[in-house]
Amino acid sequence: MAKPRVGRPPKGRDVEGRPVSTRSYPQLTARIRPDIKAEVELLSALEKRSQAEVIERAVEAYAKSLPAAARKTLEGLRALRQDAAR
């Protein structure tokens, strides 16, 4: 018999901000320092957002903070990836 799931169901937001299930999202596993993990947990609780949303916002902010040349390279790589996916 399958174990019952505990906790809240996985939820996220689409690009328009509407709630969506995150079950179909790819999963990421990373090893991070304990203090960074604690910070993500604190930010998650403070903002009443999932840890995934906190990390998404951090990555978006990091990408926006890159120098113009690096942002341009990132946009080019993004375009290549989209072309390859078609």
Quick one: is residue 6 at pLDDT below 95, among the hydrophobic types (A, V, I, L, M, F, W, C), outside any helix (DSSP H, G or I) and surrounded by 11 or more Cβ atoms within 10 Å (Cβ to Cβ)? no
Residue 57 outside any helix (DSSP H, G or I) and surrounded by 10 or more Cβ atoms within 10 Å (Cβ to Cβ): no
Go through the stretch 28-43 and count every residue that is of a type in the set (Lys, Arg) and surrounded by 11 or more Cβ atoms within 10 Å (Cβ to Cβ). 1
Which listed residue, of 71, 49, is surrounded by 10 or more Cβ atoms within 10 Å (Cβ to Cβ), touching a helix residue (DSSP H, G or I) at 6+ places or on another chain (Cβ under 9 Å) and assigned to a loop (DSSP other than H, G, I, E, B): 49
Enumeration of residues in the stretch 43-86 that are of a type in the set (Lys, Arg) and within 19 Å of residue 20 (Cα to Cα): 48, 49, 57
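The values are calculated or read from the model by the stated rules, or taken from the named source; none is laboratory data. Keep in mind it's a predicted model, so treat the numbers as computed, not measured. A quick note on method: Cβ atoms are made from the backbone with ideal geometry, for glycine too, and the neighbour counts reach across all protein chains shown.
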